[in-house]
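Trainee: Just dropping this structure here.
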Amino acid sequence: MRKPIIAGNWKMFKTVSEAVAFVSDVKGKAEIDGVESVICAPFTNLPALVEAVKGTSIKIGAQNLHWEDSGAYTGEISGAMLKDLGVTHVIIGHSERRQYFAETDETVNKKVHAALKHGLVPIVCVGEKLEEREAGETKNVCKVQTEAAFAGLSAEQAAGVVIAYEPIWAIGTGKSSTAEDANEVIAYIRSVVAGLYGQSTADAVRIQYGGSVKPNNVREYLQQSDIDGALVGGASLDPASYIQLVEGA
Ligand code: PEP
């Protein structure tokens, strides 16, 4: 059985005091047995958040990392630094990073290796642009991105990766993929993992849907056979809404 995982992606929102206030609002509520609840916050919030969630089952994730442990990389943060803070998860290859910060399949792969090396759970984002969807390229794009992200991983490492299928046209737009469509693509991504590592590894890998998930539609997605959770941007910022997302899972 795959444990559902709800991950909030706060993007570049919330100061430290806002982040800590959020945790005090969701403590004891966004904590449901059998659901993994993760808040992926800006770097500046991470130490305070790790402290604030102590004694709860809520986990804290980052939204990026560098693939080297240390070095002359001004402005970057390494997996070693995140691990040292008590962070447990890290989003890798979000479409906003691929689009605005020149992240490539190759750097995504290096970051996945770095995260696993430091015992962080990588949440690897894949997904097609609108024009790729319209050209019938959705599955191919997801296959290429998934295979690239997993390059060089052992089956054991692969089983610990979380994939977030996020059609780019659905992120922050209010347009979401239907649950059935998302499930079809996610089942296909699972078959790509099976092609690389065999069915038992593919059955262990958790694959989330992301793209305008809200409290009122989260259940539809989570009821699908292959959807193991959601990566949520906008709707994860409000405490009441985040609680409902975790409850919905
Ligand atoms: C995201 O940022 O990964 C995302 C899915 O955003 P939203 O839920 O706002 O569409």
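The values are calculated or read from the model by the stated rules, or taken from the named source; none is laboratory data. Please read these numbers as outputs of a predicted model, since none were measured by experiment. Glycine also receives a Cβ, built like all others from the backbone with ideal geometry; neighbour counts cover every protein chain displayed.
Trainee: Against the definition (on the phi < 0 side of the Ramachandran plot, out of contact with any strand residue (DSSP E or B) (no Cβ under 7 Å at 6 or more places or on another chain), in contact (Cβ under 8 Å) with a residue 24 or more places away in the chain and buried (at least 24 other Cβ atoms within 10 Å of the Cβ)), how does Val213 come out, yes or no?
Mentor: Details: on the phi < 0 side of the Ramachandran plot: yes; out of contact with any strand residue (DSSP E or B) (no Cβ under 7 Å at 6 or more places or on another chain): no; in contact (Cβ under 8 Å) with a residue 24 or more places away in the chain: yes; buried (at least 24 other Cβ atoms within 10 Å of the Cβ): yes.
Against the criterion (on the phi < 0 side of the Ramachandran plot, out of contact with any strand residue (DSSP E or B) (no Cβ under 7 Å at 6 or more places or on another chain), in contact (Cβ under 8 Å) with a residue 24 or more places away in the chain and buried (at least 24 other Cβ atoms within 10 Å of the Cβ)), Val213 does not qualify.
Trainee: Go through the range 232-249 residue by residue and tally those that are at pLDDT below 95 and within 14 Å of the ligand (Cβ to nearest atom).
Mentor: So the count comes out to 1.
Trainee: Quick check on my filter: what residues within the range 215-231 are assigned to a loop (DSSP other than H, G, I, E, B), more than 16 Å from the chain's Cα centre (by Cα) and within 15 Å of the ligand (Cβ to nearest atom)?
Mentor: If the condition is that a residue be assigned to a loop (DSSP other than H, G, I, E, B), more than 16 Å from the chain's Cα centre (by Cα) and within 15 Å of the ligand (Cβ to nearest atom), then Pro215, Asn216, Asn217 are the ones that fit.
Trainee: When the residues of the range 166-211 are narrowed to those that are of a type in the set (Asp, Glu) and within 16 Å of the ligand (Cβ to nearest atom), which ends up farthest from Ala149 (Cα to Cα)? Outline the logic, then answer.
Mentor: At the first step, the residues of the range 166-211 found to be of a type in the set (Asp, Glu) are 166, 180-181, 184, 203.
The next check asks that each one be within 16 Å of the ligand (Cβ to nearest atom); those that pass are 166, 181.
Working: Glu166: 15, Asp181: 23 Å.
In this case the residue turns out to be Asp181.
Trainee: Next up: Out of the range 44-59, which residues are farther than 18 Å from Val121 by Cα and assigned to a loop (DSSP other than H, G, I, E, B)?
Mentor: Lys54, Gly55, Thr56
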